[in-house]
Amino acid sequence: MSNFSLPDEHELLEQVATGDGDAYTILFRHYSQQVFDVAMLYLKDNSLAREIVQEVFMKIWLKRADMHQVKNFKDYLFILTRNHIYDGFKKQLVRLKVYDLLGKNQPATQNDTDHLLLQREYDAILDKAVSGLPPERKKVYLARKQGWSNEEISLQLNISVHTVKKQMSLAMHAVRTFVKARIQNDIFPLLLILLTLRK
């Protein structure tokens, strides 16, 4: 979190509400670390947490006209971040969190069956995402998933550590994009069917 002192919060929010970009920047610099920390608490993933920071503050900017009504921005920001993550769980079926939600108040045997079915669907989608990566990028991704360090991958594949990091970043982006799209088309309809059958 930034070390500079925050101006009067209510006044700052009033300025943001009028579309003041400088006030918004101050707000972002002061509170972005809080959003990141909350996102890490739920997601345990640096890259996803950084995405959440950008998405939450985009929401704030889009809702800037209402900011003057916020009484405690720190509490408001925590709730907004938490709800945004929960919405992400629902829309994208983020793996373990959604399985936990499916497991509540349902017979164990049926839960196990549903869990395994969704797990297989998710794994199949992930396999397709990885298989579609360019050869070198795929090698880097699979080596990292096996627990190799960037330095070990660099030596094994005879490429620089910088290239390893670049290829891994591109691979993660490609895999996430593919999985998110397929979840909407494949797993989400399957989840609706499972929930319908339970009624």
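Brief remarks follow.
- Gyration tensor verdict on region 18-93 (Cα atoms; rounded if a/c is under 1.5, prolate if a/b is larger than b/c, oblate otherwise): prolate
- Coupling constants for region 59-64 follow from the phi torsions by the Karplus curve (6.51 cos²θ - 1.76 cosθ + 1.60, θ = phi - 60°), and in residue order they are 4, 4, 5, 5, 9, 4 Hz; glycine and proline get x.
- Fully extending the segment from Ala181 to Leu62, taken as 0.36 nm per residue of separation minus the present Cα-Cα distance, adds 40.4 nm.
- Note that region 26-42 has calculated 3J(HN,Hα) couplings of 4, 4, 4, 4, 7, 10, 4, 5, 4, 5, 4, 5, 5, 4, 5, 4, 8 Hz, one per residue in order, obtained from phi through the Karplus relation 6.51 cos²θ - 1.76 cosθ + 1.60 (θ = phi - 60°); glycine and proline are x.
- In terms of packing, defined here as the mean over residues of other Cβ atoms within 10 angstrom, the peptides 13-21, 31-39, 144-152 line up highest first as 31-39, 13-21, 144-152.
- Extension gain for the segment Glu152 to Asn83, taken as residue separation times 0.36 nm less the Cα-Cα distance, is 20.9 nm to one decimal.
- Once the C-beta distance of Asp123 and Lys44 is scaled by a Förster radius of 25 Å, the resulting FRET efficiency is 0.80 to the nearest 0.05.
- Compared with the direct C-alpha span, the chain from Arg29 to Glu136 gains 34.8 nm at full extension, assuming 0.36 nm per residue.
The numbers here are math on the coordinates, done by the rules we state, and not lab data. Treat the numbers as computed from the prediction; the structure is a model and nothing was measured. Cβ coordinates were reconstructed from backbone atoms using ideal geometry, including for glycine residues, and neighbour counts include every protein chain displayed.
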